[in-house]
Amino acid sequence: MLNRIIKSTVNLSYKNKSLFQNSLVLQKRTFFNIVPDPSIGLTEDQKALQSAAVEFASEQLAPNAAKWDKEEIFPRDAMKKAAELGFGGLYVHSDYGGTQLSRMDTSLIIEALASADVSTAAYISIHNMCAGLIDKYGNADQKKKYLPKLVTMEHCASYCLTEPGAGSDAASLSTKAVRDGDHYILNGSKAFISGGGDAEIYLIMCRTGKEGPKGISCILVEKDTPGLSFGKKEEKLGWNTQPTRAVILEDCRVPVANLIGVEGQGFSIAMNALNGGRINIAAASLGGAQSALIFARDHVKDRKQFQQTLSNFQAIQFKLADMATQLYAARSMLRQAAALLDDPTVNNPHTYVAMAKLFTCDTCFKICDESLQLHGGYGYLKDYPVERFLRDTRVHRILEGSDAVMRILTSKDLLKDQ
Amino acid sequence: MSFKVLVPIKRVVDYAVKIRVKGDKSGVETNGVKMSMNPFDEIAVEEAIRLKEKGIATEVVAVSMGPKTCQETIRGSIAMGADKGIHVDGGTTDLQPLAVAKLLKKLVDKEKPNLVILGKQAIDDDSNQTGQMLAGLLNWPQATFASKVDIDKSSPNSVKVTREIDGGLETLSMKLPAIITCDLRLNEPRYAKLQNIMKSKKAELQVLTPQELGVDTNTNLKTISVEEPPKRTGGVKVDSIDAVITSLKKFALI
């Protein structure tokens with residue numbers, strides 16, 4: 001009992017000495033000094049990037065994450081601050097103000113941000129996926145027009161592929177774009193769009209040609225374009241720091257200049273963007289699981305029952321060891337998949353990305369769940385952060401390619417003839 | 001017109017780390033422990049960079065003394081916006097404030113800055129001496145515990161500094177060149193941009209040794225032992241004022 005009083009006194013005195021309004025000193029120092037250490041195996045440059053992101057996350061995101069989740073606030077100011085440091089254009093070319101990092105380095109940043117707030121880190125990942133898409137497939141005019149404001153996150157972007165009738169079967173999407181002089185007229189609706197209604201830039205995958213993937217194109221639509229409207233803001237289990245809405249197109253006229261790439265290229269653009277997105281969503285799960293593991297470890301060293309701390313019971317010790325082992329496995333796998341995406345000599349990185357995304361998102365959710373269990377009743381209360389990590393990481397098993405789609409990709413590659 | 005600011009910085013145990021004393025009582029355990037730039041020095045770097053952004057300073061030079069690992073800290077200040085970095089390689093020698101001040105004096109003679117801004121003290125030794133000693137060696141004016149620094153852009157040959165002292169706030173005016181040491185409320189240091197962090201990794205640092213600068217770093221000071229404060233023991237409950245007074249007298253507190 002005395003230990004706990006002294007411990008909380010020590011913690012408070014750290015809070016008072018805390019110099020830059022950092023009220024989560026504990027979290028800041030234990031992201032790295034717990035097993036598995038997320039900085040193991042990284043180069044000095046990568047460690048510097050990771051440290052910078054962890055510092056930003058623990059000082060600017062962590063103190064507000066619970067409030068943003070509860071009040072469903074889309075933290076645009078905090079994200080702009082993140083963008084000032086280069087988080088708004090992580091793999092955009094430096095000619096447009098981007099940070100031009102590799103997929104591997106980007107995943108480190110997203111993981112670090114997610115250790116404080118999974119939902120916000122995930123939105124930053126989606127935004128970057130869109131900016132990266134324009135950087136890779138857009139022409140010079142489009143890049144000059146849209147990238148500078150996206151990189152600073154003065155503008156936010158949304159990726160619009162899914163429809164009420166087309167989820168895993170994305171290639172069957174039915175939003176149509178009909179050519180009319182030097183415009184396209186778009187009709188249709190998109191579902192579950194992250195940032196929908198708040199974002200300024202919408203990348204709409206729509207059908208310009210015949211059925212199937214080859215008839216799909218990617219068209220950029222700006223927010224106040226007549227004919228673009230939004231559904232109600234969805235009420236979700238988690239990811240509450242980003243608004244999710246349906247995006248509705250009714251005779252929406254968009255200049256032909258807004259076509260990204262060429263007609264019929266849309267599906268391959270979408271899938272390539274998703275590869276990077278999957279790495280980052282999985283990285284966000286890793287960050288969340290790392291924090292959940294730290295909370296669980298700290299809790300079992302603190303909580304006493306049967307005249308001893310929970311950490312004395314072997315069943316609890318083994319549970320923590322299993323959580324750490326699974327986290328290490330997932331992280332190793334995800335980082336290798338990210339490196340494969342960066343490697344131009346590998347011609348089927350998407351399969352490895354699929355396997356890594358599946359394993360990582362499922363495993364990290366389970367770690368968050370175990371962590372909640374180790375907290376006992378306290379884990380169920382919103383006073384403790386673990387339940388938010390559980391709710392936020394749950395959806396990573398579903399979106400940007402559900403577990404089923406990941407298995408389809410893997411088995412297809414396994415079973416195909418050369 | 002050139003206006004150079006020299007910012008000495010120190011690499012210390014990170015402020016958030018729970019420190020432990022080494023088993024042999026020779027000092028605090030630093031092996032495998034997270035190290036960072038001294039927080040007050042971050043404030044000094046930030047102030048120097050703000051002077052550059054206001055168009056008053058034209059160059060910010062960061063300098064650190066110690067083993068090779070100091071170079072990481074110097075690069076951190078370059079990532080924040082410093083133009084140049086100097087590393088004085090002292091190896092594993094324990095550099096006391098007087099030795100640091102002597103080394104800085106030699107560097108000041110070489111670099112000829114208009115202003116030297118330091119953190120008020122390092123969080124590992126809490127000496128609060130280096131800035132003052134440097135001012136003494138150079139015979140320059142000094143303003144310590146600065147919470148506000150003002151230089152008039154149109155006549156940048158003097159500086160107005162507001163100091164936090166026990167009695168309140170004191171404002172001094174000093175002719176340049178001068179020494180300023182920074183206190184907590186002077187500014188809030190910026191985060192380094194990711195692009196700048198990457199760029200700073202490739203920055204060329206000037207490396208010097210105490211021998212090259214002609215300084216004897218021996219200050220005839222030897223640390224005999226470092227110990228943790230005594231563990232807190234339990235208290236005793238008493239039930240009357242007389243018993244309180246007796247106890248206070250017994251423990252020689254009154």
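The values are calculated or read from the model by the stated rules, or taken from the named source; none is laboratory data. Source: prediction; values computed, not measured. Counting neighbours? That spans all protein chains shown, and the Cβs are built from the backbone with ideal geometry, glycine included. Note: accessible area is taken over every heavy atom of the protein model, side chains too, but ligands, DNA and RNA are not part of it. Shrake-Rupley method; radii C 1.70, N 1.55, O 1.52, S 1.80 Å.
Look at residue B:43 and say whether it is in contact (Cβ under 8 Å) with a residue 60 or more places away in the chain, open to solvent by less than 70 Å² (accessible area, probe 1.4 Å) and away from chain A (no Cβ under 14 Å).
The answer is no for residue B:43.
Could you grab me the full set of residues in region A:176-211 that are farther than 25 Å from residue A:396 by Cβ and acidic (Asp, Glu)?
Within region A:176-211, A:180, A:182, A:200, A:211 meet the criteria.
Test each condition in (1) open to solvent by 40 Å² or more (accessible area, probe 1.4 Å); (2) within 15 Å of residue B:228 (Cα to Cα) for residue B:27 and report the one that comes out false.
Going through the list (1) open to solvent by 40 Å² or more (accessible area, probe 1.4 Å); (2) within 15 Å of residue B:228 (Cα to Cα), residue B:27 breaks only (1).
When you check residue B:62 against the structure, is it within 11 Å of another protein chain (Cβ to nearest Cβ) and aliphatic (A, V, I, L, M), yes or no?
Here the answer is no, as residue B:62 does not meet what is asked.
Of A:82, A:122, which residue is in contact with a Phe, Trp or Tyr (Cβ under 7 Å, 6 or more places away or on another chain), open to solvent by less than 20 Å² (accessible area, probe 1.4 Å) and within 14 Å of chain B (Cβ to nearest Cβ)?
Being in contact with a Phe, Trp or Tyr (Cβ under 7 Å, 6 or more places away or on another chain), open to solvent by less than 20 Å² (accessible area, probe 1.4 Å) and within 14 Å of chain B (Cβ to nearest Cβ) holds for just one of A:82, A:122, which is A:82.
Only one residue in A:250, A:200 is over 20 Å from the mean Cα position of the chain (by Cα), more than 30 Å from residue A:325 (Cα to Cα) and either of a type in the set (Ser, Thr, Tyr) or modelled with pLDDT of 95 or more (or both), so which one is that?
Among A:250, A:200, only A:250 is over 20 Å from the mean Cα position of the chain (by Cα), more than 30 Å from residue A:325 (Cα to Cα) and either of a type in the set (Ser, Thr, Tyr) or modelled with pLDDT of 95 or more (or both).
List, please: which pairs have Cβ atoms under 7 Å, are six or more places apart or on different chains, and start with a residue in region B:228-254 that is touching a residue at least 60 places away in the same chain (Cβ under 8 Å) and end with one that is surrounded by 10 or more Cβ atoms within 10 Å (Cβ to Cβ) and among the hydrophobic types (A, V, I, L, M, F, W, C)?
Filtered contacts from region B:228-254: B:228/B:21.
From the list A:181, A:209, A:167, which one is out of contact with any strand residue (DSSP E or B) (no Cβ under 7 Å at 6 or more places or on another chain), closer than 21 Å to residue A:271 by Cα and exposed (fewer than 15 other Cβ atoms within 10 Å of the Cβ)?
So the residue among A:181, A:209, A:167 that is out of contact with any strand residue (DSSP E or B) (no Cβ under 7 Å at 6 or more places or on another chain), closer than 21 Å to residue A:271 by Cα and exposed (fewer than 15 other Cβ atoms within 10 Å of the Cβ) is A:209.
Residue under question is residue B:236, and the condition is that it be assigned to a loop (DSSP other than H, G, I, E, B) and either more than 30 Å from residue B:26 (Cβ to Cβ) or of a type in the set (A, V, I, L, M) (or both); does it hold?
Considered against the rule, which asks whether it is assigned to a loop (DSSP other than H, G, I, E, B) and either more than 30 Å from residue B:26 (Cβ to Cβ) or of a type in the set (A, V, I, L, M) (or both), residue B:236 comes out as yes.
When residues of region B:151-185 are filtered for being open to solvent by less than 70 Å² (accessible area, probe 1.4 Å), at negative phi and assigned to a strand (DSSP E or B), how many remain?
15
Report yes if residue B:52 is at pLDDT 95 or above and open to solvent by 10 Å² or more (accessible area, probe 1.4 Å), otherwise no.
Here the answer is yes, as residue B:52 does meet what is asked.
Exactly one of these conditions fails for residue B:91: (1) in contact (Cβ under 8 Å) with a residue 24 or more places away in the chain; (2) surrounded by fewer than 21 Cβ atoms within 10 Å (Cβ to Cβ); (3) closer than 29 Å to residue B:165 by Cα. Give me its number.
(3)
When the residues of region B:66-88 are narrowed to those that are outside any helix (DSSP H, G or I) and open to solvent by less than 30 Å² (accessible area, probe 1.4 Å), which ends up nearest to residue B:213 (Cα to Cα)?
Taking the candidates together, the pick is B:88.
What are the residues in region A:139-163 that are assigned to a loop (DSSP other than H, G, I, E, B) and under 25 Å from residue A:399 (Cα atoms), if any?
A:153, A:155, A:156, A:161, A:162
Take the residues in region B:1-18 that are farther than 18 Å from residue B:129 by Cα and within 14 Å of chain A (Cβ to nearest Cβ), then tell me which one is farthest from the chain's Cα centre (by Cα).
Selected residue: B:18.
Could you list all residues from region A:85-114 that are more than 9 Å from chain B (Cβ to nearest Cβ) and open to solvent by less than 10 Å² (accessible area, probe 1.4 Å)?
A:88, A:89, A:92, A:106, A:107, A:108, A:110, A:111, A:112, A:113, A:114 - these are the residues of region A:85-114 that are more than 9 Å from chain B (Cβ to nearest Cβ) and open to solvent by less than 10 Å² (accessible area, probe 1.4 Å).
Yes/no matrix, rows are residues, columns are (1) farther than 30 Å from residue A:58 by Cβ; (2) within 14 Å of chain A (Cβ to nearest Cβ):
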residue: B:20; (1), (2): no, yes
residue: B:24; (1), (2): yes, no
residue: B:27; (1), (2): no, no
residue: B:58; (1), (2): yes, no
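State the number of residues belonging to region A:173-197 that are more than 30 Å from residue A:77 (Cβ to Cβ), polar (S, T, N, Q) and either touching a helix residue (DSSP H, G or I) at 6+ places or on another chain (Cβ under 7 Å) or modelled with pLDDT under 95 (or both).
Residues flagged as more than 30 Å from residue A:77 (Cβ to Cβ), polar (S, T, N, Q) and either touching a helix residue (DSSP H, G or I) at 6+ places or on another chain (Cβ under 7 Å) or modelled with pLDDT under 95 (or both) within region A:173-197 amount to 0.
Inspect region B:128-150 for any residue being touching a helix residue (DSSP H, G or I) at 6+ places or on another chain (Cβ under 6 Å) and assigned to a loop (DSSP other than H, G, I, E, B) and give the result as yes or no.
yes
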